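The values are calculated or read from the model by the stated rules, or taken from the named source; none is laboratory data. Bear in mind that the values here come from a model prediction, so they are computed numbers and not experimental data. FYI the Cβ positions are ideal-geometry reconstructions off the backbone, even for glycines, and counts take in every protein chain you see.
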Amino acid sequence: MKGKEVTPDAEKSWCGGPVNERSHSSRSQSLDRLSNPRKVRRMIRMKNPERFEPRSTLLRAIAVVLALVLALLAADWSASASSAPVHSKATGSALAKQLVARAQRPVSFTRPGPALHLTKAARTKLRGKMIYYVANGLNFPFTQALLSGFRQAAGLVGVRIVAVDGAGQASQASRLIDQGVARKAAIIVIQSFPANQLTAAIQDAKRARIPVIEEFEADPQRPPPSERAIGVSATSTFCYSCAGRQVADLAVANLGTKVNAVVFNVPEIGVSSLERDGFTREMKLLCPTCKVSSVDAPLATWNTQLGKLTSSVLQRDQSVNFLFPLFDSMIAIMKPSILSANAQNRVKIGSYNATLPAMQELKVGNTVIGDVGGMNAWVGWGTMDQVLRLLTGRTPVPNENVPNRTFTKTNIGSVNLKQNETTWYGAVRFRAKYRRLWGLG
């Protein structure tokens, strides 16, 4: 199925928590009614028939202004409602199954913001500029996939990407930011490093009038005031709390009201809390009687301690039946411990990232019941969209709308894992959509 482009204010959703259908419908109808100037004038006439004068320029102007204001409110509410799932009277496992069914669909492109329409003169000014990309694990497959998309998009306007590796160390990342400043980068991008650990270096970039874009430290949003103050100009990221909710939907859809889940938290990765909290909140909404607990699995100890931690969790509570390692690269380390505990039939796994080994396990095994993922290359194009907005004097957008997709036994058969990951999400032509947005094709 070919991906369909939708506008930012369309009520299109790929994540969220349950909402009240009746309140959604009535409020939406009210806002729609009030956003029509003719209907506004009709309402004024009904309330004040003796005062209404159809030819009154003043009244007509008031009606139009009121309609515009209410239309903006309607658009704003619609945008917030777009993070909500299927509107349904179903509850519990029935609702969870509906949410999973929707999240399994091929993704679509939602325009992140106003078109840029880069002129020939603008493209000439962009050509030759250099973007300094400070990675946090340059050789990780997801980083390479992201950079592939970023470089492909940058090449359209002759912008050069220089990628360097902070390798998990804030001190090294700070030095590399300063290096980017010294090399007169046009933009500096930091990947998965908390801005508050790089304050001095980011402030150096700000003093040099070099915008900084932050990746993967929060859900999609404009940088908070504290980060804008030090020099973070824009963000580019996935919705991690959405991923947590989608994994919770998987758990309840498959196990009903008997879920006893353990989250394997990775405390030193900033977005871990977003995934964990999204999962916990969704579980409370879908199944208040289900159990959820959390254990810390520090990244540095995965190879030596994660297997032991898994064994301990399964031995301590024989009723545990769902494991949520926040990142699916943890699954391969955990699986031997599950087999050793003879728990492969009672324990199910849901996770996030949709990397190849986990997707292969989902396709052929019976322990992994679902994996949620988003296109890394798409984030690369989204980051380039923010770059172009900043370099052409436009306002960065709060959300590049990079969607997640839930993979399960139901749809994994239609996915060719031998092909590039960009084919796993459906026939969405996100590259062509971005080119059109930029006026390049």
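Pick out, from segment 164-248, the helices (runs of 4 or more DSSP H) lying fully within it that include 2 or more residues that are touching a residue at least 12 places away in the same chain (Cβ under 8 Å) and crowded, with 24+ Cβ neighbours inside 10 Å.
Here the list reads 170-182, 199-207.
Taking the conditions exactly as written (part of a helix (DSSP H, G or I) and closer than 29 Å to Pro403 by Cβ), does Ala358 satisfy them or not?
For Ala358, the condition - part of a helix (DSSP H, G or I) and closer than 29 Å to Pro403 by Cβ - is met.
Tell me, which residue of segment 286-305 that is within 20 Å of Lys335 (Cβ to Cβ) and crowded, with 19+ Cβ neighbours inside 10 Å is nearest to the chain's Cα centre (by Cα)?
Ala297
Kindly indicate whether Arg316 is touching a residue at least 12 places away in the same chain (Cβ under 8 Å) and of a type in the set (D, E, K, R).
For Arg316, the condition - touching a residue at least 12 places away in the same chain (Cβ under 8 Å) and of a type in the set (D, E, K, R) - is not met.
Of the residues Gly380, Gly370, which single one is modelled with pLDDT of 95 or more, touching a helix residue (DSSP H, G or I) at 6+ places or on another chain (Cβ under 7 Å), of a type outside the set (S, T, N, Q) and assigned to a helix (DSSP H, G or I)?
Gly380
Just for segment 267-285: of the residues that are among the acidic types (Asp, Glu) and under 17 Å from the mean Cα position of the chain (by Cα), which one is nearest to Ala90 (Cα to Cα)?
Glu282
Quick check: is even one residue across segment 290-304 out of contact with any Asp or Glu (no Cβ under 7 Å at 6 or more places or on another chain) and in a loop (DSSP other than H, G, I, E, B)?
yes
For the condition outside any helix (DSSP H, G or I), of a type in the set (A, V, I, L, M, F, W, C) and touching a residue at least 40 places away in the same chain (Cβ under 8 Å), what is the one hit in Leu417, Leu388?
Selected residue: Leu417, the only one of Leu417, Leu388 that is outside any helix (DSSP H, G or I), of a type in the set (A, V, I, L, M, F, W, C) and touching a residue at least 40 places away in the same chain (Cβ under 8 Å).
Taking Ile131, is it touching a strand residue (DSSP E or B) at 6+ places or on another chain (Cβ under 9 Å) and either in a helix (DSSP H, G or I) or under 16 Å from Thr392 (Cα atoms) (or both)?
Judged against the criteria, Ile131 is a match.
Please indicate, with yes or no, whether at least one residue in segment 64-86 is assigned to a helix (DSSP H, G or I), on the phi < 0 side of the Ramachandran plot, at pLDDT 65 or above and not polar (S, T, N, Q).
no
Hey, among the residues in segment 123-149 that are under 19 Å from Glu421 (Cα atoms) and modelled with pLDDT of 95 or more, which one's surrounded by the most Cβ atoms within 10 Å (Cβ to Cβ)?
Filtering segment 123-149 for residues that are under 19 Å from Glu421 (Cα atoms) and modelled with pLDDT of 95 or more, the one surrounded by the most Cβ atoms within 10 Å (Cβ to Cβ) comes out as Leu146.
Go through (1) within 15 Å of the chain's Cα centre (by Cα); (2) within 23 Å of Ala115 (Cβ to Cβ); (3) crowded, with 20+ Cβ neighbours inside 10 Å for Ala354 and report which single condition fails.
Failing condition for Ala354: (2).
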